[in-house]
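Remarks on the structure that follows.
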């Protein structure tokens, strides 16, 4: 055609210039908003409602225009929603497993039909979303709804579950909490972040239209995190699951402390994740992947590039080539620009060199992709990454250094490893303390794989069968924490006053003096650092039976140091080797049964027959845990995409255990066996009232083949030692049986760093019955001592 200006295919390939950007339509989402008059209400009892006299907040779209408004719920709305959720739970629970599965499958079909509307609405709200991934979630959890009674028969739903997210949480992360809760028969109240409210309301409308009973899924919107505390405070709520940034998660934990409601936290936004390139990697593929992960995808995590020294020059050269011509990346807000500029200046002052795709504009909420070469692990811009498109680059020499760099972070969400050596990849994956490891890939996920929060990245497990148990409880047990109102207390003064006065034992007449016991730290009996002791009274309080050490913060420090030294090697032992050690401990207890039964008799006032029965149950319980050691294993689940994946169970690390007064020996060996059977080390605080059975067990521990430092026993004031455990940064989990004030203190304090808590309020009427042997109760205890890791291995 003469005079035509259209370019031929040959011309386009010669110039390789950008074509016109594809315009995306949002007409379907706009029509849905118009249908609601761009004024979104609450979703309660299966319908959208907009109560009168409520404040509202405007929500801007991705271009800064007014998109819609959302209602700020008040106390009356929370009460109405909770009542609706209780009715919805009954209606949802009355359905058979097959009927619930059919509803979830119909919801997947409805989402497929209206996927365009969901995608467009998420685009307008700047929410990360893929309808296909949500459909996969629905299909996966519909199968679990079908099989619940067959595969988890001795467990029951919690009732009403509250799912809370921050304003930067993805829709996938939200649904990863909502759908397993629904599949197990719970009803759900969702409190989304402000910009997440429109797509969440749309999904609730779609699910209800697919047959979900009214009240089974409710959505409350508000102005800030105070709404979450009001929802948790409602007596009908049985569990709170949070997903989002850590700041809001910490605020939620502190605001709900003392309410008697369990809260799980998954801070999956803003984590620092290592991207490790070994010399055996396909460098071109690795560089392409790191650019996509760090600069092109929506940044929910901060990547740190770790490159082996032998290939760092090649990687830097390829980064420069790939980044040439890349456009500036939009920042979240104008205020982020100052943080990015400060981080770059700080990096240059510390000797880092920059690789930038173009010159940074003088101002504005945008910045070019930037690699900071020569970063040090302790640099502020590495430890506390800025919100912009900055990628620190560090080097390592050996595989061991790569693991050290990868673990040099308070977060443990994920890591990406690049190497063609499969043995190296698997060894590195097992050594990294993260929930997901991607080999020659990144940012892959599927709900069939369980992923636990490691370190500051969470206190629960999501995905797979393991992720279901946070929304279930054993049918034969009740909630360990009674619902209550928080106690007014000064957290800085908790545990500062000893409940039993410490004394220095009088050794002037050794023949008549009560026996002086030692505590057990680092595999050796020893005195407390303070040198003081506390008196152990007879059951009636008429006489002093013995003196035991009055341990404190320094004793906990010494015990944790000993535990940290031995725990990694203990965890690497095979499950069968750990089982044999537990069997050996059981035999040692059998050999000392009369002496230990005597200590129970003297200390607690039980008859010799009752004391002997407790010893017998303790011996059997240790054998139970030994048998469990090689029965709970990971696997390789089938994936919908090509490739393979491994699901690996692992230890928590060092666990602090504060023991109850009930059944002092049986409770101790129950918690001890579950912890060390999974590869953990323990620091145990015996019953303050009945410490002698635990101290008598020290002789058995000394003669066993358990490594020194694996089990540490410290006696003294329960509250003082609880404070020492809670404030120690190395302890990963605390299992606590004690006062309501102690439970509240731990919920408030154990947020930075995050600790996995298992809390039980000790009751005056006898408390927990430790003689149980129901399989689901043993399974619950065992699962609380495990965390899970997924390893992704792509194949052609």
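The values are calculated or read from the model by the stated rules, or taken from the named source; none is laboratory data. Keep in mind it's a predicted model, so treat the numbers as computed, not measured. In this analysis, Cβ positions are derived from the backbone assuming ideal geometry, glycine residues included, and neighbour counts consider all displayed protein chains.
Summary of computed values
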| quantity | calculated |
| --- | --- |
| Number of positions in region 521-544 that are closer than 24 Å to residue 703 by Cβ and either touching a residue at least 24 places away in the same chain (Cβ under 8 Å) or in a strand (DSSP E or B) (or both) | 8 |
| Residues located in region 153-170, provided they are touching a helix residue (DSSP H, G or I) at 6+ places or on another chain (Cβ under 7 Å) and buried (at least 19 other Cβ atoms within 10 Å of the Cβ) | 155, 157, 158, 159, 160, 161, 162, 163, 164, 165, 166, 169 |
| Hits in region 333-367 (condition: more than 28 Å from residue 60 (Cα to Cα) and outside any helix (DSSP H, G or I)) | 350, 351, 352, 353, 354, 355, 356, 357, 358, 359 |
| Every residue from region 448-477 that is part of a strand (DSSP E or B) and more than 16 Å from residue 184 (Cα to Cα) | 451, 452, 454, 455 |
| Criterion violated by residue 385 - all others in (1) closer than 29 Å to residue 170 by Cα; (2) part of a helix (DSSP H, G or I) satisfied | (2) |
| Residue in region 203-215 that is under 24 Å from the mean Cα position of the chain (by Cα), assigned by TED's automatic domain parsing to the domain that holds residue 144 and within 22 Å of residue 67 (Cα to Cα) present | no |
| In region 335-366, residue surrounded by the fewest Cβ atoms within 10 Å (Cβ to Cβ) [restricted to those that are closer than 21 Å to residue 288 by Cα and modelled with pLDDT under 90] | 358 |
| Of all residues in region 771-796 being part of a loop (DSSP other than H, G, I, E, B) and surrounded by fewer than 21 Cβ atoms within 10 Å (Cβ to Cβ), the one that is modelled with the highest pLDDT | 784 |
| Among residues of region 106-148, those that are part of a helix (DSSP H, G or I), under 16 Å from residue 209 (Cα atoms), in contact (Cβ under 8 Å) with a residue 40 or more places away in the chain and in contact with a helix residue (DSSP H, G or I) (Cβ under 7 Å, 6 or more places away or on another chain), counted | 6 |
| Residues (assigned to a loop (DSSP other than H, G, I, E, B) and touching a strand residue (DSSP E or B) at 6+ places or on another chain (Cβ under 6 Å)) located in region 228-260 | 236 |
| Out of 195, 223, sole residue that is farther than 29 Å from residue 484 by Cα, more than 22 Å from the chain's Cα centre (by Cα) and at pLDDT below 95 | 195 |
| Selected residue [without any contact (Cβ under 8 Å) to a residue 60 or more places away in the chain, buried (at least 17 other Cβ atoms within 10 Å of the Cβ) and not in a helix (DSSP H, G or I)] from 433, 445 | 433 |
| Test: residue in region 178-195 that is free of Cβ contacts under 8 Å to residues at least 60 places away in the same chain, part of a loop (DSSP other than H, G, I, E, B) and under 26 Å from residue 267 (Cβ atoms) | yes |
| Neighbours by Cβ (under 8 Å, 6+ apart or cross-chain): first from region 368-381, at positive phi; second outside any loop (DSSP other than H, G, I, E, B) and modelled with pLDDT of 90 or more | 374/353; 374/393 |
| Selected residue (only one of 287, 311, 329, 304 is within 32 Å of the chain's Cα centre (by Cα), without any contact (Cβ under 8 Å) to a residue 40 or more places away in the chain and surrounded by 13 or more Cβ atoms within 10 Å (Cβ to Cβ)) | 287 |
| Failed condition for residue 154, given (1) under 21 Å from the mean Cα position of the chain (by Cα); (2) in contact (Cβ under 8 Å) with a residue 60 or more places away in the chain; (3) over 25 Å from residue 297 (Cα atoms) | (1) |
| Matching entry among 512, 484 (being modelled with pLDDT under 90 and within 29 Å of the chain's Cα centre (by Cα)) | 484 |
| Extreme residue, surrounded by the fewest Cβ atoms within 10 Å (Cβ to Cβ), among residues of region 45-94 that are touching a residue at least 60 places away in the same chain (Cβ under 8 Å) and assigned to a strand (DSSP E or B) | 47 |
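For every residue, the table says whether it meets (1) out of contact with any strand residue (DSSP E or B) (no Cβ under 7 Å at 6 or more places or on another chain); (2) more than 30 Å from residue 587 (Cβ to Cβ).
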{"position": "704", "(1), (2)": "yes, no"}
{"position": "712", "(1), (2)": "no, no"}
{"position": "718", "(1), (2)": "no, yes"}
{"position": "727", "(1), (2)": "yes, yes"}
{"position": "730", "(1), (2)": "no, yes"}
{"position": "733", "(1), (2)": "no, no"}
{"position": "740", "(1), (2)": "no, yes"}
{"position": "748", "(1), (2)": "yes, yes"}
